[in-house]
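Asker: Handing you a structure now.
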Amino acid sequence: MIIALTVLLTVTGFFFFFATTIGLIRFPDFYSRMHAAGKGDTLSSLLMLLGLAIYSLHHFSFGNFLVSLKIIFIMVFIFLASPTATHAIIDAGFESGVKPWTKEEERAEE
Amino acid sequence: MHFIYMFLIMFGFWIVLSGKFDAFHITLGVISCLIVSFLSLDLFFHETKKKGRIAEVVRFLSYIPWLVKEIVLATIHVAFIALRPNVKDNIDPKVIMFKTRLKKDLSKVTFANSITLTPGTITIKVSDDEFYVHALTKKTAEGLPGEMEERVGKVFKEFGE
């Protein structure tokens, strides 16, 4: 049961990692790429870490419980640090004058 | 008093991270926690005595499930945009600006980070009460500021009792 849950969470995490990596390649400009790079990662790494935290409770002991607790601390850290890092990168781009890609601009070029 | 709180938090972390309970490791832990809490005491506990802190934490924790739900829905949205053919037809990026009604720094930070966490929107800049947000599609742009601001405001009691 626990194994099934772990597999489900990890595979879902993999799927989102895969989708956002494809997004990272296919999106047209710096800003929209940050959407794929910065945030699909948050959900997918949270899912995978949750899966691992549950897996380490498979054979319950105090040591394994501490391992799960440490993984949950990592999750909290990612939850706080990931949006902050994304914001820092995109703010640096905005400050140095990178122009966002828009649909109107593309039509004007044609 | 703050020193004792700080020491207890630090020591809790030590216990969790070391997982060993013999005299040697506990003594090491006590010594290093004392030194660290002495050195970094003035970095924590900026505000002196404030009532309702615990209630605020509880309200914040009850905000997180809603945020996670939003994150999941929005990630699925962006993932399908990325996987569908003709990416450029499906997205319509815009930088939008709006004014927020939130006043406190902490609630602005929470709001900005929540915007960035939900895929499809990234906070570019916050100056005073103006938020600059890059939105990936029309659908994600329409959702701002909206319900999220309302909920963050409730967590930090921004709009009166």
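Each value in this text was obtained by applying a stated rule to the coordinates, not by laboratory testing. These figures come from a predicted structure and were not determined experimentally. Note: ideal-geometry Cβ built from the backbone for every residue, glycine included; neighbour counts use all protein chains shown.
Asker: Pick from B:Val95, B:Val87, B:Val109, B:Val36: which is surrounded by fewer than 20 Cβ atoms within 10 Å (Cβ to Cβ), over 19 Å from the mean Cα position of the chain (by Cα) and closer than 19 Å to A:Thr84 by Cα?
Answerer: Within the list B:Val95, B:Val87, B:Val109, B:Val36, the selection yields B:Val95.
Asker: If I ask for residues that are assigned to a strand (DSSP E or B) and more than 9 Å from chain A (Cβ to nearest Cβ), which ones from segment B:89-125 would you list? Give the steps one after another, and end with the answer.
Answerer: Within segment B:89-125, the first condition is being assigned to a strand (DSSP E or B), and the residues that meet it are B:94-99, B:121-125.
B:Ile96, B:Met97, B:Phe98, B:Lys99, listed by residue number.
Asker: Only one residue in A:Ile78, A:Ile89 is more than 11 Å from the chain's Cα centre (by Cα) and part of a helix (DSSP H, G or I). Which one?
Answerer: A:Ile89
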